[in-house]
Amino acid sequence: MKIKEIETKTALNYSEAKSRYTLNPYVGCSNACIYCYARDYARRYRKIDWKEEILVKINIVETLRRDIIKRRPRYVFMSTMCDPYQQLEEVYKLSRKCLEVFLEFPLLEVEIMILTKSSLVLRDLDLFKKLKKISVGLTITTDNDEIRKLFEPRASSIEERLETLRFLKENGLKTSVFISPMLPMNPEKLAKMVKPYADSVFIDDMHYKWRVENLYKRYGLSRALTNDFFRSTKKKILEILKK
Ligand code: SF4
């Protein structure tokens with residue numbers, strides 16, 4: 001994996017569609033999810049090879065401080081173009097440093113939403129406890145770690161993510177689970193696993209099916225890429241969650 005340090009002009013990017021700012025300390029992601037949607041952006045706008053290269057926004061801390069003063073954001077999402085707690089974060093600590101910048105502006109009470117597939121997020125529990133409005137989401141797309149290894153080869157295991165979720169919840173954090181995209185799974189089992197520790201659960205189908213079709217075929221999983229599968233899986237998950 002090639003690591004390229006770059007200078008960024010902006011730290012906060014506004015999304016009209018979602019009415020929120022996004023913050024991406026990195027562009028590119030070592031989790032290497034087969035279905036990753038963010039890679040299209042990277043290829044189109046940044047001309048990077050998603051599998052081979054990660055851009056590290058080396059000046060993001062100063063840029064974020066300036067952007068907060070200028071834009072006074074109310075809601076910030078971390079992240080859309082990377083996992084903010086991917087492996088590189090252990091070295092660069094940019095996500096952590098960005099959270100420290102938000103602590104410099106307590107009166108703004110910025111609402112921060114973190115989304116990750118990594119247990120490294122627990123490292124920053126001390127900061128989460130100081131930030132007034134923060135929620136941490138774990139993406140958990142299946143109950144089956146063999147499936148996880150096929151689709152999300154370098155992300156934390158399902159067990160580690162569940163343990164992370166449990167720990168965050170037990171420490172008083174607002175938590176959410178993103179079952180997105182729904183991978184082949186036992187929906188009842190997954191719903192029962194996440195239910196005690198998630199304040200909210202978001203569920204979504206697989207988009208860009210063409211990208212993963214061959215993998216599904218190779219492992220005899222094609223049924224799990226049909227609309228029927230997504231409909232019935234979502235229904236079963238919701239039935240357990242609503243009980
Ligand atoms: S964690 Fe998100 S950004 Fe990273 S490879 Fe997976 S889908 Fe893409």
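For the stretch 102-119, a tally of residues being surrounded by fewer than 20 Cβ atoms within 10 Å (Cβ to Cβ) and under 27 Å from SER30 (Cα atoms) returns 2.
Suppose the filter is hydrophobic (A, V, I, L, M, F, W, C) and in contact with a Ser or Thr (Cβ under 9 Å, 6 or more places away or on another chain); does PHE151 pass it? Step through it out loud before you land on a result.
Details: hydrophobic (A, V, I, L, M, F, W, C): yes; in contact with a Ser or Thr (Cβ under 9 Å, 6 or more places away or on another chain): yes.
Against the criterion (hydrophobic (A, V, I, L, M, F, W, C) and in contact with a Ser or Thr (Cβ under 9 Å, 6 or more places away or on another chain)), PHE151 qualifies.
Remark: SER95 matches the filter, which requires a residue to be in contact with a strand residue (DSSP E or B) (Cβ under 7 Å, 6 or more places away or on another chain) and either outside the structural domain of LEU162 (by TED's automatic domain parsing) or surrounded by fewer than 22 Cβ atoms within 10 Å (Cβ to Cβ) (or both).
Anything in the stretch 148-169 that is of a type in the set (D, E, K, R) and open to solvent by 70 Å² or more (accessible area, probe 1.4 Å)? List them, or say none.
Of all residues in the stretch 148-169, those of a type in the set (D, E, K, R) come to 148-149, 152, 154, 159-161, 163, 166, 169.
Residues satisfying the conditions are LYS149, ARG154, GLU159, GLU160, GLU163.
Of all residue pairs spaced 6 or more apart or on separate chains, those with beta-carbon atoms under 7 Å, a first member in the stretch 178-198 that is touching a residue at least 40 places away in the same chain (Cβ under 8 Å) and a second member that is surrounded by 21 or more Cβ atoms within 10 Å (Cβ to Cβ) and charged (D, E, K, R) are MET185/ASP143; ASN186/ASP143; LYS189/ASP143; LEU190/ASP143; MET193/ASP143.
Limited to the stretch 188-216, what total is found for residues that are open to solvent by 50 Å² or more (accessible area, probe 1.4 Å) and either within 18 Å of CYS36 (Cα to Cα) or aromatic (Phe, Trp, Tyr) (or both)?
Of all residues in the stretch 188-216, those open to solvent by 50 Å² or more (accessible area, probe 1.4 Å) come to 188-189, 192-193, 195-197, 199, 202, 204-205, 207-210, 213-214.
Right, trim to either within 18 Å of CYS36 (Cα to Cα) or aromatic (Phe, Trp, Tyr) (or both) and you get 197, 202, 204-205, 207-210, 213-214.
Matching residues across the stretch 188-216 total 10.
Are any of the residues in the stretch 121-128 over 15 Å from the mean Cα position of the chain (by Cα), without any contact (Cβ under 8 Å) to a residue 24 or more places away in the chain and outside the structural domain of ARG231 (by TED's automatic domain parsing)? Yes - at least one qualifying residue is present in the stretch 121-128. The test for being hydrophobic (A, V, I, L, M, F, W, C) and part of a helix (DSSP H, G or I) does not hold for MET185. Tell me whether the stretch 66-84 contains one or more residues that are modelled with pLDDT under 95 and either among the β-branched types (Val, Ile, Thr) or open to solvent by 80 Å² or more (accessible area, probe 1.4 Å) (or both). Yes, some residue in the stretch 66-84 is modelled with pLDDT under 95 and either among the β-branched types (Val, Ile, Thr) or open to solvent by 80 Å² or more (accessible area, probe 1.4 Å) (or both).
Which of the residues belonging to the stretch 7-25 are farther than 18 Å from PHE102 by Cβ and either open to solvent by less than 10 Å² (accessible area, probe 1.4 Å) or at pLDDT 95 or above (or both)?
Filtering the stretch 7-25 for residues farther than 18 Å from PHE102 by Cβ gives 7, 9, 15-19.
Residues satisfying the conditions are GLU7, LYS9.
Can you confirm whether the stretch 46-63 contains a residue that is open to solvent by 30 Å² or more (accessible area, probe 1.4 Å), within 12 Å of the ligand (Cβ to nearest atom) and outside the structural domain of VAL212 (by TED's automatic domain parsing)? Among the residues of the stretch 46-63, at least one is open to solvent by 30 Å² or more (accessible area, probe 1.4 Å), within 12 Å of the ligand (Cβ to nearest atom) and outside the structural domain of VAL212 (by TED's automatic domain parsing), which makes the answer yes. Would you confirm, using the coordinates I've provided, whether SER157 is in contact with a helix residue (DSSP H, G or I) (Cβ under 8 Å, 6 or more places away or on another chain), closer than 30 Å to LYS4 by Cα and outside the structural domain of VAL27 (by TED's automatic domain parsing)? The answer is yes for SER157.
I'd like to verify a number: residues in the stretch 74-126 that are outside any helix (DSSP H, G or I) and away from the ligand (no atom under 16 Å from the Cβ), how many?
Here is the first cut: in the stretch 74-126, the ones outside any helix (DSSP H, G or I) are 74-88, 93, 104-105, 109-118.
Now narrow it down to the ones that are away from the ligand (no atom under 16 Å from the Cβ): 74-76, 93, 104-105, 109-112.
Of the residues in the stretch 74-126, 10 are outside any helix (DSSP H, G or I) and away from the ligand (no atom under 16 Å from the Cβ).
The values are calculated or read from the model by the stated rules, or taken from the named source; none is laboratory data. None of these values were measured; they are calculated from a predicted model. All Cβ positions, even for glycine, are placed from backbone atoms using ideal geometry, and neighbour counts span all protein chains on display. Accessible surface is based on the protein model in full, side chains and every heavy atom, while ligands, DNA and RNA are left aside. Shrake-Rupley method; radii C 1.70, N 1.55, O 1.52, S 1.80 Å.
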